[in-house]
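The values are calculated or read from the model by the stated rules, or taken from the named source; none is laboratory data. Note that the coordinates shown come from a computational prediction; the quantities given were computed from them, not determined experimentally. FYI the Cβ positions are ideal-geometry reconstructions off the backbone, even for glycines, and counts take in every protein chain you see.
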Amino acid sequence: MRDFSIRRLGLLLRRDFSAGYKSVFIAMAAVGGFVILVSVLSALGRELGSIHFQLYFPLLFIGGFIATSLSFKELYLNGQGVFYLTLPGSSLEKFLSKLLVTSLGYALGSLFFYTAVSSAAEGINRVIFGYGHAFFNPFTRRVLLAVTVYVVTQAVFLVGSVYFRKLAFIKTNLYLWLFGIVLTIVVAVTAWVIFRDYAVGPRIGLEPYMQELGRSGELEAVLRPMAEKFLQVAKVLFWGAAAPVCWIISYLRLRETEA
Amino acid sequence: MTDTGIEIKNLSFGYTKELLFSNLDLTLELGNIYGLLGKNGAGKTSLLKLICGLRFPEAGSCSVLGREPKYRPAALLEDIYFLPEEFYAPAISSELYQQLYAPFYPRFNPEAFQEYLREFDLRGGKKLSEFSYGQKKKFLLAFGLATRCRLLLLDEPTNGLDIPSKSQFRKLLARAGEEDRIILISTHQVRDMENLIDPIIILDEGAIIFQQPMYEVTRCLHVGLEQVQPSGDGVLYTDKTLGGYVVVRKNVSGEETQADLETLFNTVIANRDRIGELFAPVGKEEV
């Protein structure tokens, strides 16, 4: 592949990781301070349950989505867009670099950072109070699942980042809400069309029908395979298709971007 | 053509439904420092952007060093350095800039870069964001020259440079003109480019109305200073100046006179239709 070189990808990764390192350090200091403060205060109140997953979760998702939304910001800034687009590297290499930095890079970086900060916080707790919360374990199934879900869902924000000139994070969220509302309306209208014979005033009253089916076991036999099929399709779409589709859209958009 | 220059054929491009360029043809060959002149809004910057793949043509073809810039292939970008009028200089030290960006250009020459920086009187250890506008521009020019790219696109390169820097810029660029390189300079500051750019390309209302080497200009045009403002068909352009009138006529005597770029530009713009008859068809007499 003439338009892909590991060397150039490495150079782009180095550049993307080093870009804005000051802001990253400031954000890390602020988050680190907040985590230590919350950890110490909750230990003071003797709330010694597991708090670290609850703290890491927003850092991973909200922080990651914001970082992802900012990743292609330079594309639309005066002067910077020209600089970035003429930097020797193919669109594929540039896209892969941003993807790796904001997905795996951010997930692993935040995991490493949070493990260190939470360990420090718990160390402080134990020095001050002689006790503390359970240490944050980055290798639990729950944490690894969260990281995997992040890698999939951040792809949507990558599309937003390359599409929107300004306020990509807010606009992506608004579009997701809009998508949710449209989907709800479509489902509601479809349900109304299918079940309108069971309408009781403005609502659909399926209870008598369902009870009858339930008693006969017909409901179980009909609906369970359907529901399982639906869940299977939804899982395949989420784990297998959602992120790649978003990546392809982002890459094509980057390739088509003019400055 | 040739995988060695720029060939634009029947190119159409516009920002709105009204096209800026319609069926534009242009051929540029290696080994020249081209000057791209034109009025505001003539399309000079758009042309540079089309050449380096920042804008895509709506029709026609554009081939740069044997590749289509539209796809921004990495191998082509490694050979193009574009310094726009509104440039970007990140808030990092000059040393870090070199570390981060020089490896993108396989033929980058670090010794030459240091030499250019010295000639521009730029010292290291400072962040680029702490440089003045002119210093940033000089830094990026030095970097661009050191990349040894085969295509150097400079948009208004002397804007913001002080007088000594303009002179240094001319010297460096004259040295940088190599046989396997095209330097294309878009500028309004024609006086800064005197004796540097050759051939001259004049873009007007989205069309190349003039593309000639300076020897052709000297051969075809006669420039003189006259006390009385002349009139008549033989006069192409007159301009009142200190001590009389600069008068441009068709060169029938064969005498060699030197037209400055400003006079040449004004002559061409004032004689869009006649100038084509005086010179050989655009691009055919290219050196």
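Structural remarks
- All positions within the stretch B:118-136 that are closer than 25 Å to A:L12 by Cβ and assigned to a helix (DSSP H, G or I): B:L128, B:S129, B:K136
- Test: residue in the stretch B:125-132 that is more than 13 Å from chain A (Cβ to nearest Cβ), without any contact (Cβ under 8 Å) to a residue 24 or more places away in the chain and more than 21 Å from A:Y76 (Cβ to Cβ): yes
- Qualifying residue in the stretch A:60-67 (condition: at pLDDT 95 or above, part of a helix (DSSP H, G or I) and within 18 Å of A:F136 (Cα to Cα)): yes
- Selected residue (criterion: nearest to the other protein chains (Cβ to nearest Cβ)) from residues of the stretch A:1-18 that are surrounded by 15 or more Cβ atoms within 10 Å (Cβ to Cβ) and not charged (D, E, K, R): A:L11
- Candidates B:L24, B:L36: the one that is assigned to a strand (DSSP E or B), more than 14 Å from B:L184 (Cα to Cα) and in contact (Cβ under 8 Å) with a residue 40 or more places away in the chain is B:L24.
- Residues that are within 14 Å of another protein chain (Cβ to nearest Cβ), in contact with a Ser or Thr (Cβ under 9 Å, 6 or more places away or on another chain) and not hydrophobic (A, V, I, L, M, F, W, C), drawn from the stretch B:25-57: B:T45, B:G53, B:R55, B:P57
- When the stretch B:58-84 is filtered for residues that are charged (D, E, K, R) and at the interface with chain A (Cβ under 9 Å from one of its Cβ atoms), the ones remaining, listed by number, are B:R72, B:E78, B:D79.
- Yes/no for B:I8 being of a type in the set (V, I, T), without any contact (Cβ under 8 Å) to a residue 40 or more places away in the chain and either away from chain A (no Cβ under 14 Å) or touching a helix residue (DSSP H, G or I) at 6+ places or on another chain (Cβ under 9 Å) (or both): no
- Annotation: of all residues in the stretch A:43-90 being β-branched (V, I, T) and out of contact with any helix residue (DSSP H, G or I) (no Cβ under 7 Å at 6 or more places or on another chain), the one that is nearest to the other protein chains (Cβ to nearest Cβ) is A:V82.
- Filtering the stretch B:85-113 to residues that are touching a Cys at 6+ places or on another chain (Cβ under 8 Å) and at the interface with chain A (Cβ under 10 Å from one of its Cβ atoms) leaves only B:Y105.
- Within the stretch A:146-170, residues that are in a loop (DSSP other than H, G, I, E, B) sit with their Cβ atoms under 7 Å from residues that are surrounded by fewer than 17 Cβ atoms within 10 Å (Cβ to Cβ) and not aromatic (F, W, Y), at 6+ positions apart or across chains, in these pairs: A:F164/A:K171.
- Of all residues making up the stretch A:68-104, the number that are in a loop (DSSP other than H, G, I, E, B) and in contact with a Lys or Arg (Cβ under 6 Å, 6 or more places away or on another chain): 2
- Answer from B:Y34, B:Y105, B:Y101 - the residue that is touching a strand residue (DSSP E or B) at 6+ places or on another chain (Cβ under 9 Å), among the aromatic types (F, W, Y) and over 28 Å from B:V190 (Cβ atoms): B:Y105
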